[in-house]
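Novice: Mind looking over this structure? Questions follow.
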Amino acid sequence: MSFAVRGKRGMALTGLAVAAAIGGATLATPAYADDVYGHCTGDGVRIRSNPSTSGTVLGLCYTGERLAHRDVSGDGQWDLVYDVDSGVTGWMSHSYYSW
């Protein structure tokens, strides 16, 4: 069985199918229409898997990078953010987030 894929949409679908077939496709958490944006105020600030310094580091953010704010930890010391540049979602220290 064979079929022809044409145009940009077809190429995109083919690319997704190939990525899924090789098992390496991980889609980033999308930005939401009601996200509130701020930015990172430090260089190399760790974005972690949970609101604790013992959480696994998922990524880093740098001064001025745009971040979508998603939630606040119970103690108010951590913010759940989506890094628009890298696609990483995780927790960062509140002291490095600015509206």
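The values are calculated or read from the model by the stated rules, or taken from the named source; none is laboratory data. Keep in mind that what you see is a predicted model, and the values were worked out from it rather than measured. A quick note on method: Cβ atoms are made from the backbone with ideal geometry, for glycine too, and the neighbour counts reach across all protein chains shown. The area values use the complete protein model at the heavy-atom level, side chains included, leaving out ligands, DNA and RNA. Shrake-Rupley method; radii C 1.70, N 1.55, O 1.52, S 1.80 Å.
Novice: Please list 3J(HN,Hα) in residue order for segment 82-93, calculated via the Karplus relation 6.51 cos²θ - 1.76 cosθ + 1.60 where θ = phi - 60°; whole Hz, with x for glycine and proline.
Specialist: Calculated HN-Hα couplings, in order: 10, 7, 4, 6, 9, x, 7, 10, x, 9, 9, 4 Hz.
Novice: Which order do 69, 94 take by accessible area at a 1.4 Å probe, largest first? Mind dumping the intermediate values first?
Specialist: Details: 69 30, 94 75 Å².
Descending accessible area places them as 94, 69.
Novice: Return, for the Cα atoms of segment 34-82, the radius of gyration and Dmax in Å, separated by a comma.
Specialist: That works out to 10.5, 30 Å for Rg and Dmax.
Novice: Shifting gears a bit: If amide hydrogens are placed 1.01 Å from N in the peptide plane, which non-local residues have theirs closer than 5 Å to the one on residue 58?
Specialist: HN-HN under 5 Å from residue 58: 47, 48, 49.
Novice: Tell me the net charge near residue 71. Cut-off is 15 Å between Cβ atoms, residue 71 excluded, with +1 for each Lys or Arg and -1 for each Asp or Glu. If you can, show how the numbers build up before the last one.
Specialist: Values: positive: 48, 70; negative: 34, 35, 75, 79, 83.
Result for the local shell: -3.
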